[in-house]
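The values are calculated or read from the model by the stated rules, or taken from the named source; none is laboratory data. Predicted model only: the values in this text are computed from it and were never measured. Methodologically, a virtual Cβ is constructed for each residue, glycine included, from the backbone with ideal geometry; neighbour enumeration extends over all protein chains shown. Each accessible area value is taken on the protein alone, full model and side chains, heavy atoms only, with ligands, DNA and RNA left out. Shrake-Rupley method; radii C 1.70, N 1.55, O 1.52, S 1.80 Å.
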Amino acid sequence: MSESCDVLVIGGGPAGSSIAALLAEKNWRVVLAEKDRHPRFHIGESLLPLSLPYLERLGVLDEVERIGLRKYAAEFDSIYHGKRSVFRFGEALDKSHPYAFEVKRSEFDHVLFKNAARKGVEVHEGCRVTSVELNGDRVVSVKATDEHGAERVWQPRFLVDASGRDTFLADRLGIKERNKRHSSAAIFGHFEGAERRSGLDEGNISIYWFDHGWFWMIPLKGDLMSVGAVCWPYYLKSRRTPVEQFFFDTIALCPLVQARLANARLVSPVTATGNYSYMSRRMRGKNYLLIGDAFAFIDPVFSSGVHFALHGAVSGAETVDGILREPETAERRLAQYEKSARHGLKTFSWFIYRVTTPAMRDLIIYPNNRFRIKEGVISLLAGDLYRNTPIASKLAMFKLIYYLKTLFDPLNSYAALKRRRQNIAS
């Protein structure tokens, strides 16, 4: 037998738990199906300052404060320049959001999931959605199987796909595509005893370039450090040793990272992923919506994944609520939602596609605040994309300087472009 509900949400990560909680607050019957059980491991541990208002709106900011480590800055370390550049969030165009948090995602996601249940969402853990029935571009029913093999069938008025990189709907609709403008893979693990910055800089996320991509170092509460290398896929394909040994060999390629791990101990399994940069051709149908990573994932370099998920949840909740109340407005509301979501992706993507180029490395390591350009870049790093702040003009000037710098260094710029095209095709 099938059950009806107002909204069915697939996935209990930040996007799914948040939109479910917000819609339940509006007195809709919301069902959330999550394939795993919380807490479960996930990467994406560095939050952005402009995510904090979303967490406050959800009513979980104090809980996140308790599990998180404050992050006041993002720092970029260059083996090519022998220099570190620090971007402090308190120096953004809007200086009222000076910090974010570094969090263990198992704890963070669990906080959001419990919040959804507390607000009245009907949650099903260990429940994997297996199929969807459509009539044209409208979802009719969704089937799922729990961990005991029992089948559930729901007939939702609206379906939200927040399945993350499982991309449930995108796969079944055949709309998921490899990103033609970017390609990246990752290898990562957790360490104890890694060197940490002192004082307010303890929680800084550190980004290090090296010849095959870049590293992250994210300090977590206690004595844990998340370390990962984001590389061109060709590099991971070259692996001929066990994954843990390959990880340590990769760390050795960046002496600055290796030095901070000299007295550290690996305390987790090492995980490697293949190319995980993708985008779906569509974001919506007549009564469904793809949010967060279920629609697209570009690259973790600016810690944008959770921020997009939370923005998508808050904006999506208003969209879905409006559609349920006024079905005739569905097309207009969904179009507005999609325009906002794509704007954020496009703004971040321009920087992500170029972050390893010589020109971008120079501009980040030697930032210039003439015309408040550096403040605009910090605002981007803080996730300030959806408010009425003058970030667009600052980023436009930054892009102009980037293109001029590229033009006046043609040999290095051409070599970087050629290498990038080869890497994407690999």
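Summary of values
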{"item": "Residues of region 262-294 with amide N under 19 Å of a point placed 7 Å along Cα→Cβ from Arg84", "result": "262-265"}
{"item": "Surface per residue (accessible, 1.4 Å probe) for the chain, Å²", "result": "42"}
{"item": "Three-way shape label, region 337-392, alpha-carbon gyration tensor, a/c 1.5", "result": "oblate"}
{"item": "Percent breakdown of C-alpha pair distances by 5 Å bin, ordered from the shortest bin, for region 57-131", "result": "3, 12, 15, 15, 14, 13, 9, 8, 6, 3, 1"}
{"item": "Prolate/oblate/rounded call for region 275-333, Cα gyration tensor, a/c under 1.5 rounded", "result": "oblate"}
{"item": "Global form of region 332-426, assessed from the alpha-carbon gyration tensor, a/c cut-off 1.5", "result": "oblate"}
{"item": "Label-to-label distance, nm, for residues given as His343 and Arg181 (7 Å Cα→Cβ offset)", "result": "1.7"}
{"item": "Carbon/sulfur fraction of accessible area - region 1-113, other protein chains in place, 1.4 Å, %", "result": "49"}
{"item": "FRET efficiency, Ala252 to Asn27 (Cβ-Cβ, R0 51 Å, nearest 0.05)", "result": "0.35"}
{"item": "DSSP H segments from the chain that extend 15 Å or more along their own axis, Cα-based, with Kyte-Doolittle mean of 0.0 or above", "result": "14-25, 305-325, 391-407"}
{"item": "MRE, 222 nm, helices only [DSSP H, n ≥ 4, -39500 (n - 2.57), over the chain, to nearest 500]", "result": "-11500 deg cm²/dmol"}
{"item": "Inter-label distance, nm, simple model (7 Å from Cα along the C-beta direction), Lys221/Glu328", "result": "5.0"}
{"item": "Computed P(r) (all Cα pairs; region 293-387; 10 Å bins; percent)", "result": "14, 40, 27, 14, 5, 0"}
{"item": "Nonlocal amide H pairs with Leu134, under 5 Å, H built at 1.01 Å", "result": "Val140"}
